[in-house]
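Coordinate-derived values only; no laboratory data. What you are looking at is a predicted structure, and each value in this text was computed from that prediction instead of being measured. Cβ: placed from backbone, ideal geometry, glycine included. Neighbour counts: every protein chain shown.
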Amino acid sequence: MRTEKKMRSQPTKLIGLLIIMVILLLASGCVEDGDVQTESESVELEEHQEELVAVQNEIAQAKVGDTIRVHYTGTLDNGTVFDSSVGREPLQFTIGRGQMIPGFDKGVVGLNLSESKTITIPADQAYGPYRADLVQVVARDQFPTDSELEVGQMLQASQPNGQIILVTVTNVTDSDVTLDANHRLAGKPLTFEIQLVEIVSSA
């Protein structure tokens, strides 16, 4: 009888151990699944955040009336760089307020935050056509005798209406001085590489 009892009790103990092992395995499996799920959720969350930032940047578009900051590099047809903000603070201006040449103003409209684009502006949307009537030859004796005039020198000139304009000395002789009131970039198409750095305030 004792032997039979002992034999009966052994399967019972084995079944109990098996049940405990199954429970432990299931518990272990749940933890592993949980870890995988958490890692997956973390990756999905990161991707979702990146998508949101991308969408936000697309929504944040420059429009007329916005005050923005941009980096830019301006070049001529031959590739000569005539101006650049690289290495300096970004240029800040309000779109549509006449603070920039018309083509530049139009070129930044619709830019997404951090987006870059290259635009080519014709002369009539930049500094206008070159005007021969803005070139004048002035007698040398109209200048102080001790003034040293050189080609390329910038001078201030007064117009009949009292307005002060900048002129460039383009030729100097013993008797005459040629002055050019055209902007140095007049008559030239300009290419700009522009990046929208910040929308400071929105209209």
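Listed peptides 62-75, 81-94 appear in the order 62-75, 81-94 once ranked by packing, highest mean of other Cβ atoms within 10 Å at the front. Mind jotting down the distance between the C-alpha centroids of the range 185-203 and the range 96-136, whole Å? If we compute the Cα centre of each part, the gap is 8 Å.
Just subtract the alpha-carbon distance of residue 154 and residue 123 from 0.36 nm times their residue separation and send over the number in nm, one decimal. Please report the intermediate quantities before stating the final value.
Details: separation 31, 0.36 × 31 = 11.16 nm, distance 2.20 nm.
Additional length available on full extension: 9.0 nm.
Principal axis extents of the C-alpha atoms in the range 94-199 (largest first, rounded to whole Å): 56, 25, 24.
The stretch between residue 116 and residue 133, if pulled fully straight at 0.36 nm per residue, gains 2.3 nm over its current Cα-Cα span. Of all beta bridges that DSSP places with both ends in the range 132-180, some 100 percent have antiparallel geometry. For the pair residue 89 and residue 147, label points projected 7 Å from Cα toward Cβ lie 3.4 nm apart. Based on the Cβ-Cβ distance of residue 59 and residue 184, what FRET efficiency does E = 1/(1 + (r/R0)^6) give at R0 = 41 Å, to the nearest 0.05? That gives a FRET efficiency of 0.55. Note on the range 132-180: semi-axes of the ellipsoid equivalent to its C-alpha gyration tensor, largest first and rounded to whole Å, are 17, 12, 11.
Taken one residue at a time, the phi angles of the range 128-144 give Karplus couplings (6.51, -1.76, 1.60, θ = phi - 60°) of x, x, 6, 10, 5, 6, 8, 9, 10, 9, 10, 4, 4, 6, 7, 9, x Hz. Gly and Pro are set to x.
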